[in-house]
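Data first, discussion second: the structure below is written as structure tokens.
The values are calculated or read from the model by the stated rules, or taken from the named source; none is laboratory data. Treat the numbers as computed from the prediction; the structure is a model and nothing was measured. All Cβ positions, even for glycine, are placed from backbone atoms using ideal geometry, and neighbour counts span all protein chains on display.
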Amino acid sequence: MKGILKKAAYACLWPVAAAAGRVAPVVLLYHSFDREGWRYGVAPENLRRQLAYLAAHYDVVPLADIAAFVRGEKTFARPTVALTVDDGYADTHEVLFPLAKKHRMPFTVFLTSNFSVMEKLGNLPRITPSQVREMHDSGLVAFGVHGKNHRNFSDLHTDKEWREEVEENMEDIACLTGVRPRFAAYPAGRHTRAAAARLRALGIEAAWTTREDVTEAGMDLLHLPRVQVARATSMLEFKARLTRAVRWYETIVRLLRLRKPR
């Protein structure tokens, strides 16, 4: 029932958002690309439809362009999207990478650099160091910080914990790609002001959460929003969530939760 109501809400909100016509870039959040049951996996055939739609109707830009937009250094004349993928699963290389090359679409992988298969990461096969290098060398793929072992940054309190989880992650990425990462994504979206301050001190210029919204100039660069694409995301929802309909939907949900009887 909840899924039906969500689809109905987006069916109503999308035409209004489209009619408003104001351009606001969106950063999409993916995880894996498979046909199994994990809720955050997107079936390859659905991904192909989504990327074809973006190729026809949107400019797909590097994440660095979004950060520049937030800083007020760049504007977008057309509908604009950036693609991000969290964790670093084998199917990022096997499924997304060939499609991205076909469409010449840049994307950023927020990489957990312990390449072991982990229960907390769905027990899915992980990308390999050689695949990281191959994707980086293509010029289409950038890599950002996501923790050595996918620990929540809000749970890291000592210098030692930050060293082992975040600084080593940054060093791993720099070793694999030859480029020191500039951007980060909070594992599971968990973020605090203290964690943001730590990232800034390490030279991270911008960090993304899992809060769903379009991107606006002047937002806090260390608490930026993304829009999740999951297994249950229909094509109608995908199209609608590329607009301000995603903000309106999230606002409605928050208001309903506040008014729910206690």
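Annotations for the structure displayed:
- Sole exception among (1) closer than 26 Å to residue 56 by Cα; (2) among the polar types (S, T, N, Q); (3) in a loop (DSSP other than H, G, I, E, B) for residue 116, by number: (1)
- Candidate set: segment 86-105, residues that are part of a loop (DSSP other than H, G, I, E, B) and buried (at least 19 other Cβ atoms within 10 Å of the Cβ); chosen: the one farthest from the chain's Cα centre (by Cα): 105
- In segment 187-210, the residues that are surrounded by 14 or more Cβ atoms within 10 Å (Cβ to Cβ), touching a Leu at 6+ places or on another chain (Cβ under 9 Å) and at pLDDT 95 or above: 195, 196, 198, 199, 200, 204, 205, 206, 207, 208, 209, 210
- Total residues in segment 59-85, condition hydroxyl-bearing (Ser, Thr, Tyr) and either over 17 Å from the mean Cα position of the chain (by Cα) or surrounded by fewer than 14 Cβ atoms within 10 Å (Cβ to Cβ) (or both): 1
- In segment 26-43, the residues that are in a loop (DSSP other than H, G, I, E, B) and either crowded, with 23+ Cβ neighbours inside 10 Å or of a type in the set (Phe, Trp, Tyr) (or both): 31, 33, 38, 40, 42
- In the condition set (1) part of a helix (DSSP H, G or I); (2) of a type outside the set (S, T, N, Q); (3) in contact (Cβ under 8 Å) with a residue 60 or more places away in the chain; (4) in contact with a helix residue (DSSP H, G or I) (Cβ under 9 Å, 6 or more places away or on another chain), residue 51 is compliant with all but (3).
- With a requirement of 1 or more residues that are free of Cβ contacts under 8 Å to residues at least 60 places away in the same chain and touching a Lys or Arg at 6+ places or on another chain (Cβ under 7 Å), the helices (runs of 4 or more DSSP H) lying completely within segment 155-259 that satisfy it span 159-162, 168-177.
- Test result for residue 150, in contact (Cβ under 8 Å) with a residue 40 or more places away in the chain, under 23 Å from residue 210 (Cβ atoms) and surrounded by 23 or more Cβ atoms within 10 Å (Cβ to Cβ): no
- Matching option when the condition is in contact with a Lys or Arg (Cβ under 6 Å, 6 or more places away or on another chain) and at pLDDT 95 or above, among 59, 91, 86: 59
- Within segment 61-80, residues that are assigned to a strand (DSSP E or B) reach no partner that is crowded, with 17+ Cβ neighbours inside 10 Å and at pLDDT below 95 with beta carbons closer than 6 Å at six or more positions or on different chains.
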